[in-house]
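Beneath this line is the structure, given in structure tokens, with notes to follow.
Quick note: the coordinates plus some simple rules give every number you see, no bench work behind them. Since the structure is predicted, the reported quantities are computational estimates derived from the model, not experimental observations. Note: ideal-geometry Cβ built from the backbone for every residue, glycine included; neighbour counts use all protein chains shown.
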Amino acid sequence: KMSHMDDSTQDDPVPNKDKRLIIVLSNCSHTINVMIPRLVENLEKHGYPETETVQQDAEETYGRLDKVLFDAYVEEKSNAIIGHLEQNMYAGKFDWNDSQRPSGVRSYVKEAVMGLIGIHSEVFAISPHLVTRVLHTVCEHVVEEVSRLIQCVTGFNSYGALQARVDLSAIENAIGIYKTSQIRTSIKEAIGCLPPMDEGAGKKLMEDCQNRFQSQMKFHLLCFKSDPVKKRSSSPTL
């Protein structure tokens with residue numbers, strides 16, 4: 001028979017490490033943007049001196065904490081995706097220089113995108129205001145690693161080069177509003193190391209693969225299409 005404490009623990013489980021980081025990050029943001037200005041305003045009303053110094057010191061302290069927590073969360077989440085990229089890219093002894101005609105976006109891209117969707121879901125559930133900040137950075141890290149892996153390939157046959165373009169295009173388009181200038185640069189650098197593409201049949205095949213991917217992942221990719229803060233604020237209240 002389970003004790004009352006066990007029942008209580010099951011009903012109110014302690015959030016895991018990643019969720020705790022987001023909770024504290026959210027609290028830091030609220031403290032910097034709401035609580036500190038409110039505190040300073042009250043101090044000024046009561047004639048306390050040097051309130052600007054108080055505000056600056058408090059914001060710097062919480063800012064440093066925010067950076068440490070943010071970097072820790074982003075590193076944890078980025079590494080979880082990046083750590084599997086190369087292994088998944090070469091699953092089944094895939095060879096870019098002995099590649100068959102592309103039939104779609106490869107699984108390593110889909111798995112990376114699903115990882116990003118999981119991060120979006122986790123952050124959105126706790127603090128929608130942090131989603132854009134987190135996704136911008138994690139997406140940059142993931143795309144940068146994909147780009148690096150492509151640039152490390154020693155040779156492509158024509159189909160291998162086309163497959164790489166399909167994969168790069170898929171991940172770039174998938175992340176939607178979280179695409180940054182750094183991501184565009186990473187994609188451009190990877191494409192720059194590929195052999196030229198046949199503008200006729202190659203381009204058509206690439207578009208077909210991209211359309212199929214977008215259709216298959218349509219509902220999964222919706223989270224990358226709209227601002228999470230506006231989405232939360234426009235949701236009906238119960």
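Put a dot 7 Å past each Cα toward the Cβ at residue 52 and residue 204; how far apart are the dots in nm?
The modelled label-to-label distance comes out at 6.8 nm.
Suppose only helical runs count, i.e. DSSP H with n ≥ 4. What mean residue ellipticity at 222 nm does that imply for the chain under -39500 (n - 2.57) per run, divided by all residues and rounded to the nearest 500 deg cm²/dmol?
It lands at -23000 deg cm²/dmol.
Using +1 at the Cβ of each Lys and Arg and -1 at the Cβ of each Asp and Glu in the range 16-231, identify which of 202, 69, 118 lies farthest towards the dipole's positive end.
The one lying farthest along the dipole's positive direction is 202.
Going down the list 45/230; 77/203; 77/110; 110/188; 188/230; 17/188, which pairs span over 28 Å between their C-alpha atoms?
With Cα atoms farther than 28 Å apart: 45/230; 77/203; 188/230; 17/188.
Using only alpha carbon pairs under 8 Å that are at least six residues apart, calculate the relative contact order of the range 16-231 and give it in whole percent.
Worked out over the range 16-231, it gives 24 percent.
Which entry in [x] 59, 50, 33; [y] 74, 57, 35; [z] 52, 49, 43 matches Cα extents along the principal axes in Å derived from the coordinates of this structure?
[y]
Towards the positive end of the charge dipole of the range 16-231, with charges on Cβ (+1 Lys, Arg; -1 Asp, Glu), say which of 54, 102, 36 has the farthest Cα.
Working it through, the farthest residue towards the positive pole turns out to be 102.
Can you work out ³J(HN,Hα) from phi for every residue in the range 60-74, in order, using Karplus 6.51 cos²θ - 1.76 cosθ + 1.60 and θ = phi - 60°, giving whole Hz and x for Gly and Pro?
Rounded to whole hertz, the list is 5, 5, 5, x, 5, 4, 4, 5, 4, 5, 4, 4, 5, 5, 4.
Please give me, ordered by residue number, the trypsin sites (Lys or Arg not before Pro) of the range 172-201 that lie in loop per DSSP and have at most 14 other Cβ atoms within 10 Å.
Passing both the DSSP loop test and the Cβ count: no residue.
Would you work out the relative contact order for the range 1-139, in percent, from Cα pairs under 8 angstrom that are 6 or more residues apart?
30
Does anyone have the angle between helix 158-174 and the longest principal axis of the chain? Alpha-carbon axes, 0 to 90°, nearest 10?
Taking Cα atoms only, the helix is inclined about 20 degrees.
Any idea what the dipole of the range 16-231 comes to, in debye rounded to 20, about its Cα centre with Lys/Arg Cβ at +1 and Asp/Glu Cβ at -1?
860
On the principal axes of its Cα set, how long, how wide and how thick is the range 127-172? Give whole Å, largest value first.
Each principal axis gives a Cα extent; for the range 127-172 these are 45, 17, 8 Å.
How would you classify the range 1-136 from its alpha-carbon gyration tensor, with a ≥ b ≥ c the square roots of the eigenvalues: rounded for a/c under 1.5, else prolate if a/b is greater than b/c, otherwise oblate?
Working: a/c = 3.77, a/b = 1.81, b/c = 2.08.
Oblate, since a/c reaches 1.5 and b/c is not below a/b.
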